[in-house]
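The values are calculated or read from the model by the stated rules, or taken from the named source; none is laboratory data. These numbers come from a predicted model, not from an experiment. Cβ coordinates were reconstructed from backbone atoms using ideal geometry, including for glycine residues, and neighbour counts include every protein chain displayed. Just so you know, the surface numbers come from the protein's heavy atoms only, side chains and all, with ligands and any DNA or RNA stripped out. Shrake-Rupley method; radii C 1.70, N 1.55, O 1.52, S 1.80 Å.
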Number of protein chains: 2
Amino acid sequence: MDYNKRSSVSTVPNAAPIRVGFVGLNAAKGWAIKTHYPAILQLSSQFQITALYSPKIETSIATIQRLKLSNATAFPTLESFASSSTIDMIVIAIQVASHYDVVMPLLEFSKNNPNLKYLFVEWALACSLDQAESIYKAAAERGVQTIISLQGRKSPYILRAKELISQGYIGDINSIEIAGNGGWYGYERPVKSPKYIYEIGNGVDLVTTTFGHTIDILQYMTSSYFSRINAMVFNNIPEQELIDERGNRLGQRVPKTVPDHLLFQGTLLNGNVPVSCSFKGGKPTKKFTKNLVIDIHGTKGDLKLEGDAGFAEISNLVLYYSGTRANDFPLANGQQAPLDPGYDAGKEIMEVYHLRNYNAIVGNIHRLYQSISDFHFNTKKIPELPSQFVMQGFDFEGFPTLMDALILHRLIESVYKSNMMGSTLNVSNISHYSL
Amino acid sequence: MDYNKRSSVSTVPNAAPIRVGFVGLNAAKGWAIKTHYPAILQLSSQFQITALYSPKIETSIATIQRLKLSNATAFPTLESFASSSTIDMIVIAIQVASHYDVVMPLLEFSKNNPNLKYLFVEWALACSLDQAESIYKAAAERGVQTIISLQGRKSPYILRAKELISQGYIGDINSIEIAGNGGWYGYERPVKSPKYIYEIGNGVDLVTTTFGHTIDILQYMTSSYFSRINAMVFNNIPEQELIDERGNRLGQRVPKTVPDHLLFQGTLLNGNVPVSCSFKGGKPTKKFTKNLVIDIHGTKGDLKLEGDAGFAEISNLVLYYSGTRANDFPLANGQQAPLDPGYDAGKEIMEVYHLRNYNAIVGNIHRLYQSISDFHFNTKKIPELPSQFVMQGFDFEGFPTLMDALILHRLIESVYKSNMMGSTLNVSNISHYSL
């Protein structure tokens, strides 16, 4: 054996890791420490945390010490952080409500860092379509490759479902039903729960978060945007009861302005497929059905995705498939797909796909980072891989970008518009974006 | 024992039976022989078939002979039939497309029969709202008590669910999801299947029949009409493949003009409850869910109704209940409901209700006839029972009338209108009918 020779199956890149600067990584609390950090930790040859920014530098210093980030520097100002040439990729993992105010100056300051290649922003990108468009434009002008954490696209269940659909295993899709229960927004509110998630306009709510992630996943799996949609948005619970950790009511009611129910129906552009969605908030959770159910019916078979919570992008799911693969499935080159030698046209195939110990909260974000590193190091040795791309769209490869986020924001805006106007809306131009 | 004394629990009325004249009872085929006839046969002390009308008198004579209807006369003309004073109740069980042309002259001729008290018409009453209104007006003018076969209201599962809801066992309803699969209207058509059920305008289709019955049941269970609705109607399968009895394709395609999918969403007047419905047509049937699912979620519990086919009104269902009864459930007199001595406020109650051998096709129609006889003979000894009523509405007692049918027809018309206009419609005045 030649131990000096690099293994052909090694995933360790033959180059320096991507140097990551975080806005919002705090060892003591928050989303980044629970997801981005463990995800990066499993890819330590590909990513290295080199910079932290927080309005309080003490927080960054404490985080560096607790996590033993020996290569990281705590920056005192957003300007010094964004200007530092030790950063290849900036990750924004703070409250959505602050995204616009942080990202816009950050992109401006970052013009002093010639090494900056990637900007990774948490969904929902911004609190409004206007802000989202401004961020998109600024990032495009700055010339960075963007990443949005629509990480459901990286869920192994979603990718397997997308694969089964795209390879003709359910034939043509002819109807879809989705029912989800987004845990918050119910009759009761844990007293320790942060107030901003119950106030409309902060970029975290049943429509933007629960529906947004799930409908992005649906579009991604089916490789289709919507043509017509109708939506009804409800706030039937304008006041919540505060409860303590044990679930006891504290006798205090607090206002809630975010929606607690969304009815959404529409048709997919591909095949005029009817899609029915009902998203509800809060407990009591459903007794006779899972809190997330996505039923996809086709001419040759059915797919069902089930999860314990309405958050498809962070849930460990179960994928059920039953059907007979269509034998007239066309390939991109116009030929018929080759059939397995043992292929029996009438035979029904069943599959239950479940990874029992899969931690979807970390896992999907991990796979998103993995896809960034695959792109950066061209791990899959794709010939003539461009150095940037505008959007992922419905490709298996790559990762969702701010353009994918903008298209989703437009759909979400249409949901509110349909509700306000009492109209069914034509949204078939939503993916043809011109700014 | 005094054998001359009438038993207090006897269901045999102490009066002459209701004399029934049928339009559409044919011993050889059709709906009436499969449902109305066996239903009446079980109530032979309450109902007696005394007259049959068919355009061909031979059909009526053959039916009388085969069914040994010793008290029945075959009438040669609609006029002689409708004028005969041997009839207390006329039952119309022919194709909906012919209802208007038969019922309108029949009501006119019936003015010669002073004994006529009841007119029982099969759903969908008529092919259009206009025709339905004309029939309603003519019947009201003629002064008969009407009955419409929205027999789902008599299903034991629906009544049990209505009881659980009205007695506070699921608290306040806060969301509802319905998914149904109406067996016809798919990619294939059995060659022996009658053509008219695939042609729009004949009063038998996914919207009028499948959705109509199911949404009537939903409104009845929840005791609420709708306030806002949006609908999208699809005919994604404009041509069907003919198949033989064995399911083999005959290589022939035939046009289909009835819808194969309906998306419907809206809010109940009571409590602004979001309701999501998806009705699809045809095979393949669903693999991972029942072909009929009605999920009703409340603040104190959940109800689920499941059936093997999308036709709730003729299906043997399973009712699942789980919840804790609200202990603040108000009675009609404004008092709190008395609690059982053993009542435990926090205790979860479960119920699975299923009658294994229940024949819902006959059973629900049977129960509808039973309710007519209960009314006619005042079996339940209700004081000051009026001799007529305009509509059942959401009462447990009684039976649905042509007014209930009209209100449902208005909802169905709104479905098509919403689809055509691309609008969410306010339908909150639908039950306040003035003609």
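Details
- Remark: C-alpha extents of the range B:18-122 on the principal axes read 30, 29, 23 Å, sorted largest to smallest.
- Of all lysines in the structure, the ones whose alpha carbon falls short of 24 Å from that of B:K56, not counting any fewer than 8 places away in one chain, are B:K29, B:K34, B:K68, B:K111, B:K192, B:K195.
- Chain A: relative contact order in percent, alpha carbon pairs under 8 Å with at least 6 residues between: 18
- Estimated from helical segments only, the mean residue ellipticity of chain A at 222 nm is -8000 deg cm²/dmol, where each DSSP H run of four or more residues counts as -39500 (n - 2.57).
- Accessible area of the protein assembly as shown belonging to carbon and sulfur atoms, whole % at 1.4 Å probe: 50
- Sequence-distant lysines (8 or more away, or on other chains) whose Cα lies within less than 19 Å of A:K290: A:K280, A:K304, B:K286, B:K287, B:K290, B:K300, B:K304
- Neighbours of B:A62 by Cβ distance under 13 Å: Lys/Arg scored +1, Asp/Glu scored -1, total +3.
- Using a 7 Å projection from Cα along Cα-to-Cβ, the label point at B:K29 is separated from the same position in the remaining copies by 7.5 nm, smallest value first.
- Label point of A:K56 (7 Å along Cα→beta-carbon): distances to the other copies' equivalent points are 9.2 nm, sorted ascending.
- A:D88, B:D172, reordered so the largest accessible area comes first (probe 1.4 Å): B:D172, A:D88
- GNM flexibility winner over chain B from B:P156, B:P255, B:P238 (Cα, springs under 10 Å): B:P255
- In chain A, the ratio of gyration radius to Kirkwood radius, Rg to Rh, stands at 0.97 when only Cα atoms are counted.
- When chain A is treated as a Gaussian network with alpha carbon springs shorter than 10 Å, the biggest mean-square fluctuation among A:P190, A:P386, A:P76 belongs to A:P386.
- For chain B, the longest piece that avoids every one of the trypsin sites (Lys or Arg not before Pro) found in DSSP loops with at most 14 other C-beta atoms within 10 Å covers B:69-191.
- Positive-end residue, chain A charge dipole about Cα centroid, Cβ charges, pick of A:A231, A:P383, A:T210: A:T210
- Around the Cα centre of the range B:89-203, unit charges on the Cβ atoms of Lys, Arg, Asp and Glu (plus for the first two, minus for the last two) sum to a dipole of about 380 debye.
- For chain B, excluding the exposed loop sites themselves (GluC sites (Glu not before Pro), DSSP loop, at most 16 other Cβ atoms within 10 Å), the longest remaining stretch covers B:1-198.
- Whole-angstrom gap from the range B:209-242 to the range A:365-435, using each part's C-alpha centre: 35
- Residue with peak Gaussian network fluctuation, chain A [Cα springs, cutoff 10 Å], from A:M421, A:M391, A:M403: A:M421
- Between the range A:43-70 and the range B:248-325, the Cα center-to-center distance that results, in Å: 53
- Estimated at the nearest 10 Å², the accessible area of B:S98 is 50 Å² with a 1.4 Å probe.
- Ellipsoid equivalent to the range A:229-304 - semi-axes via the Cα gyration tensor, in Å: 34, 17, 6
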